[in-house]
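Let me begin by presenting the structure, written as structure tokens, before commenting on it.
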Amino acid sequence: MKKVLLLDFQADLSSPIRKAVTGTFGSQTEIDGLIGKMYKKKKAQGLIIPPLFFAYASGIFKQENWEIKHSYKFPTSEYDLIILATSMPGYQAELNAAKTYKEKYPQVPIIAAGAFSKEKPELFENILDAVIVDGEPELSFIKLAKNEYQFPLANKRIENGQVEKPDELPFPHWEVFNFQDFKYAPMLKGISVPVLTSRGCPYNCDYCHYMPEAGPNIRYREVDNVIAELKYLKSIGVENIVFRDLVFTLNKKRTIELCDKMIEEKLNLTWAIETRIDRLKEDLIDKMYEAGLRHLNLGIESPDPAILKSVGRLPANLVHQENIVKYIQNKGLTVSAFYILGFVQDNDETINNTINYAKKLNTLAAQFCIMTPFPGTKLYDTLKGRLSTEDWTRYTEYHSVVKLDHLSAKQIEKYRDIAYRKYYLRPSWMLKYWKRLI
């Protein structure tokens, strides 16, 4: 039986690079100060989920009767194939570890998968055997599992496009992983695994790091196909689902149909979603709550509509946004709100407005990242002339890498730390949420 290793290499598990988020570019929390260190530690302990393409790889290789392992370190033994999840912040460490392994086992093919290696394959080709450079990686995994590639390849770039019929993919085979350790805390309590019911996002915001792989073309799974996967997850002891659709409520009718089916099947799973505020209404929230929804991730980014329009994001109506967040919280649901500091036009006033707006919404979690133009996005093409560095290891979402109109990199990174301190050191936040952290 052939053996494949799904390798999410981590140089330091106490400060992991999360490749399941940021469109697989990888994000590494870097915040200074006491609150920053506490936030970083809590996130490292609470957010443990694998890249979804590894989840699908497990099902694909299982279907072809491969023996599958998942690891955070290079092995000390030989495999028939290694698939390496790449990242921006960790790519040098990943390549150094791969080089060391190849010195001992030069015959083992190592394939790079992930948004960064897709966009910058030239950084990986000298050491690795191939780089998946087109669309989503699952179609390439199918060909690899069927032994359709003979190594060494004449051309190290593998191209197979996007998954147009996601129902045809096998379900992830979670028994391959130590899935009992997967968490999405403090948002959900217990074993949490990701599920994807759709691919793509038609909004296609200029800065969105999901677009290089997912693209704007929306592709839905059939509701019955999703339900079958949820039943399987329930049968192996999974308690919570983290739906990773980019806009879970994009199609209200389909969302209600899925919720009704979950209620009918009495799945009794709790779950979290990510969506846009303008795709939420009270009746839909009620239906999702009845079906098990307990947490929402919402991209607020900035309360300034002019700034949002400048990066291709359709601004939400602020009155609707505030009313919806209040309605969600009054139902006993929690919210993680995501904000971006360091837009080109940002100044002291606009950044303080963002921090104050976050305090006003007073959600369970607030994440303040620094605007980062990821390769392959529209924003990257727009701001290439403003990049202050091409040291990709600094593209963590927590460093300023762009020359702004009004603020220096040092000022932006100072505001990052101020935002976390001002947000989490408030009596109104502590009184409302401290029990969730116990």
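The values are calculated or read from the model by the stated rules, or taken from the named source; none is laboratory data. As the structure is a computational prediction, the values presented were derived from the model and not from experiment. Cβ coordinates were reconstructed from backbone atoms using ideal geometry, including for glycine residues, and neighbour counts include every protein chain displayed.
Just checking, which of Ile60, Ile68, Ile82, Ile49 is among the hydrophobic types (A, V, I, L, M, F, W, C) and closer than 22 Å to Asn96 by Cα?
Ile82
Looking at Val242, Val223, which one is out of contact with any Cys (no Cβ under 8 Å at 6 or more places or on another chain), surrounded by fewer than 20 Cβ atoms within 10 Å (Cβ to Cβ) and among the β-branched types (Val, Ile, Thr)?
Val223
Pairs, please: C-beta under 7 Å, at least 6 apart or cross-chain, first residue touching a residue at least 12 places away in the same chain (Cβ under 8 Å) and surrounded by 15 or more Cβ atoms within 10 Å (Cβ to Cβ) and in segment 62-82, second charged (D, E, K, R) and in a loop (DSSP other than H, G, I, E, B)?
If the second residue must be charged (D, E, K, R) and in a loop (DSSP other than H, G, I, E, B), the pairs left are Glu64/Lys146; Trp66/Lys2; Asp80/Lys2.
Those residues that are out of contact with any strand residue (DSSP E or B) (no Cβ under 7 Å at 6 or more places or on another chain), surrounded by 21 or more Cβ atoms within 10 Å (Cβ to Cβ) and not in a helix (DSSP H, G or I), I need them from segment 142-185; list them, please.
Listed by number, the list holds a single entry, Pro172.
Of the residues Ile127, Ile218, which is among the aliphatic types (A, V, I, L, M), surrounded by fewer than 19 Cβ atoms within 10 Å (Cβ to Cβ) and in the same structural domain as Thr249 (by TED's automatic domain parsing)?
Ile218
Taking the conditions exactly as written (outside the structural domain of Ser58 (by TED's automatic domain parsing) and at pLDDT 95 or above), does Lys165 satisfy them or not?
Details: outside the structural domain of Ser58 (by TED's automatic domain parsing): yes; at pLDDT 95 or above: yes.
Spelling it out, Lys165 is indeed outside the structural domain of Ser58 (by TED's automatic domain parsing) and at pLDDT 95 or above.
Filter segment 345-362 for residues that are assigned to a loop (DSSP other than H, G, I, E, B) and more than 24 Å from the chain's Cα centre (by Cα); which is nearest to Ala272 (Cα to Cα)?
Let us first name the residues in segment 345-362 that are assigned to a loop (DSSP other than H, G, I, E, B), namely 345-347, 362.
From the residues that got through so far, the ones that are more than 24 Å from the chain's Cα centre (by Cα) too are 345-347.
On the way: Gln345: 33, Asp346: 31, Asn347: 34 Å.
Checked segment 345-362; the qualifying residue nearest to Ala272 (Cα to Cα) is Asp346.
Go through segment 372-410 and count every residue that is of a type outside the set (D, E, K, R), free of Cβ contacts under 8 Å to residues at least 60 places away in the same chain and assigned to a helix (DSSP H, G or I).
Selection size over segment 372-410: 4.
Considering only segment 55-117, give the strands (runs of 3 or more DSSP E) lying wholly within it that have at least 2 residues that are among the β-branched types (Val, Ile, Thr).
Where strands (runs of 3 or more DSSP E) fall fully within segment 55-117 and carry at least 2 residues being among the β-branched types (Val, Ile, Thr), they are 81-85, 110-113.
Out of the residues in segment 360-378 that are farther than 24 Å from Ala419 by Cα and of a type outside the set (Ser, Thr, Tyr), which is surrounded by the fewest Cβ atoms within 10 Å (Cβ to Cβ)?
Lys378
Can you spot a residue in segment 14-37 that is surrounded by fewer than 19 Cβ atoms within 10 Å (Cβ to Cβ) and basic (Lys, Arg)?
Yes; the residues of segment 14-37 include at least one that is surrounded by fewer than 19 Cβ atoms within 10 Å (Cβ to Cβ) and basic (Lys, Arg).
Taking the condition of being assigned to a loop (DSSP other than H, G, I, E, B) and touching a residue at least 60 places away in the same chain (Cβ under 8 Å), how many residues in segment 191-208 meet it?
Here the count works out to 8.
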